[in-house]
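Beneath this line is the structure, given in structure tokens, with notes to follow.
Values quoted throughout were computed directly from the atomic coordinates according to the rules given, and no laboratory measurement underlies them. Quick caveat: nothing in here was measured; it's all calculated off a predicted structure. Positions of Cβ are backbone-derived with ideal geometry, glycine not excepted, and every protein chain shown enters the neighbour counts.
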Amino acid sequence: MDVYVQITGLDSGKTRGVKALLDSGCSTCCIDTDYARAEKLDIQELPQPIVARNADNTENISGRITHYVDLRMRIGPHMGTRTFLLTCLGKARIFIGLDWLMEHNPEVDWQEQTMKFSRCPERCHMRGHEEHQAMIDMDAIDLDEDAPDLEEGESILLVDFGKEVDLRLKETPAQKFAEEAEKEKERMTEGRIPDQYREFVKVFAKELFDSLPDRRAWDHAIELKPGSKAVDCKVYPLSRNEQVKLDEFLQENLASGRIRPSKSPMASAFFFVKKKDGALRPVQDYRKLNEMTIRNRYPLPLISELVHNLCGAKFFTKLDIRWGYNNVRIKEGDEWKAAFRTNRGLYEPLVMFFGLTNSPATFQNMMNDILRELINEGHVVVYLDNILIFTENLDEHRRITKRVLELLQKHKLYLKPEKCEFERTEIEYLGVIIGHNSSQDQGRDGMAGTKERQTSPSISRVHKLLSTLCPGIRGGCQAVDSADREGRMVMGYGRACSI
């Protein structure tokens, strides 16, 4: 139902990635009014208003449509200019309607879920000279020519610039299904949050995370050593499955604004590594960039010291920041330095990614500053994106947890509800099981387990440590997060870590 598109303002030339609803139940292209104004698009006034009416012929509460905007839109390889009417679209940002589908008449393969632009008008522009395919969610398309009978609350889009006409917004079965799925997600999220913290439900919402973070004092600077020269890289070959994942990665991050097309003279390689569960993790190979970057020596906490601070606590709450590093913008003007090359083109990140040297230091600095008061009071410890709240009594625990959630909400940091645990008397934190006046290495018995780890390391654990200390090694250049589990075994790791 959702497709990823890129829209470019004709006046500014600024390109944005955004999710759009592709639906023949909507007969023209529309853009949400609030979104258009927030993005400062070149909004124009219509020669005359368009009246919005419901199925019972009453005027829609959204009122008349009075403005439009012309945008250059790209879907996969297909590019063209389109007029979008401004109206209230609720949670959606863009509707791509039946007029676009009829004009371009794409070939749809329902089994492969692809759309081929082979019957477009000659004026249409395609990237390259061959026929290309754009992968889309086919649940988003309803190509029935005959409109269904209208029910209460449903309508059909009709647009005519020559006279006053009705604008009737039809809710299609695909939209209804999506709304129900979204409501089910919300119910599952709320079910994981204790009643006393329901007022902070937005802190756990993924859809609020899916946008570019604001610029802040902790924006990540990439300062190059004097005399550094631009580096280049090869394009790694990808399997069919990896290609699909790459396209998904690019579409999702372009839509959220976390990456953008680049013309940088720098280029770092992009590939995938397999995680334990078989899933593919995208990796940027920043070894060459890291070698020429001035190091930030801000220390990471010593896990042994963090655990020691928990003595005497009876109640524990663990919070996990959603996609930690992606919450930090790269300093304006430094984005080009982190550009990465794929077989789909050159892109540069606007947020921190794993593998960039100094990313842990930047993120730890931000979290320490945001939660400094509570850390100094001795009720909160933070290791990168892992927050632990600990107190001796439950009332105090709930008060402090609410203060933490308030601060996260203020700074637009969102949590993964499935990885959060509330008000436990025993909890696992950074690989250590913690209880009242006790701590134990997870899966081992105290120091004996630690000694065994130190004297009999497996090859896989050595690889893990190497990839942590040397983030540029292929197959592990994003394994910085493994420090959460392995760092306590490296003497002075928090002080010595310069990644």
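What is the extension gain from CYS311 to THR66, computed as 0.36 nm multiplied by their sequence separation minus the C-alpha to C-alpha distance, in nm to one decimal?
Here the segment from CYS311 to THR66 would lengthen by 81.8 nm.
Between LEU46 and GLU248, with labels modelled 7 Å along Cα→Cβ, what's the label distance in nm to one decimal, could you check?
Spacing of the two 7 Å Cα→Cβ label points: 3.9 nm.
To the nearest 0.05, how large is the calculated FRET efficiency for ARG297 and ARG198 if R₀ is 56 Å and r is the Cβ-Cβ distance?
It comes out at approximately 0.85.
Once the Cβ-Cβ distance between ARG240 and SER304 is put in as r, and R0 is 35 Å, what FRET efficiency do you end up with, to the nearest 0.05? Intermediate values should be presented prior to the final figure.
On the way: r = 46 Å, r/R0 = 1.31.
Efficiency, rounded to the nearest 0.05: 0.15.
Rounded to the nearest 0.05, what FRET efficiency is calculated for ALA38 and LYS263 with R0 set to 22 Å and r the Cβ-Cβ distance?
According to the calculation, E is roughly 0.25.
Within a Cβ distance under 12 Å of MET73, other residues only, what is the Lys/Arg minus Asp/Glu net charge? Before the final figure, lay out each step's value.
Details: positive: ARG16, ARG72, ARG74, ARG82; negative: ASP70.
That sum, taken over residues with Cβ under 12 Å, equals +3.
Assuming 0.36 nm per residue, please report the length gained on full extension of the stretch ASP320 to ILE433 beyond their Cα-Cα distance.
Fully extending the segment from ASP320 to ILE433 adds 39.0 nm.
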